[in-house]
Amino acid sequence: MTDAQEQWCFGCVFYPQNLPRFAYGDEDWVELQQMACAYECVPGEVDCLSFRKTSCSVVDLQPVAK
């Protein structure tokens with residue numbers, strides 16, 4: 001990990017090494033792990049700072065029973 005990746009990517013939920021393996025198919029997982037960023041951003045640049053996210057909430061996508 002470079003200094004820039006350590007500063008900007010380490011805690012980001014879009015850093016491929018931080019993504020949950022179970023959520024992706026085999027081909028998608030291999031492709032993601034070869035990327036530096038799920039959005040193809042360069043650490044610390046404008047796009048990175050716009051997309052960077054260090055936390056998220058789990059959302060239940062199942063329909064609510066009425």
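What number do you get for the chain when its Cα radius of gyration is normalised by 2.2 N^0.38 Å, N = residues? Can you show the working numbers first?
Working: Rg = 14.1 Å, N = 66, 2.2 N^0.38 = 10.8 Å.
So the chain has a normalised radius of gyration of 1.30.
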Next item on the list: With a cut-off of 20 Å, note down the residues of the range 3-24 whose backbone N falls inside the zone around a label point 7 Å from the Cα of residue 55 toward its beta carbon.
Entry: 7-15, 18-20
Notebook entry, point to check: For the chain, with every protein chain kept in place, what is the accessible area per residue (1.4 Å probe, Å²)?
Noted result: 82 Å²
Note to self: I'd like the FRET efficiency for residue 18 and residue 47, computed as 1/(1 + (r/R0)^6) with the beta carbon distance as r and R0 of 25 Å, rounded to 0.05.
What the structure shows: 0.90
Notebook entry, point to check: Applying the Karplus parametrisation 6.51 cos²θ - 1.76 cosθ + 1.60 with θ = phi - 60° to the phi angles of the range 13-19, what ³J(HN,Hα) value in whole Hz is obtained for each residue in order, glycine and proline being reported as x?
Noted result: 6, 9, 6, x, 5, 8, 6
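The values are calculated or read from the model by the stated rules, or taken from the named source; none is laboratory data. On a predicted model such as this, the values are computed, not experimentally measured, just so you know. We place every Cβ from the backbone using ideal geometry, glycine too, and count neighbours over all the protein chains shown. Note: areas computed on protein heavy atoms with side chains; ligands, DNA, RNA excluded. Shrake-Rupley method; radii C 1.70, N 1.55, O 1.52, S 1.80 Å.
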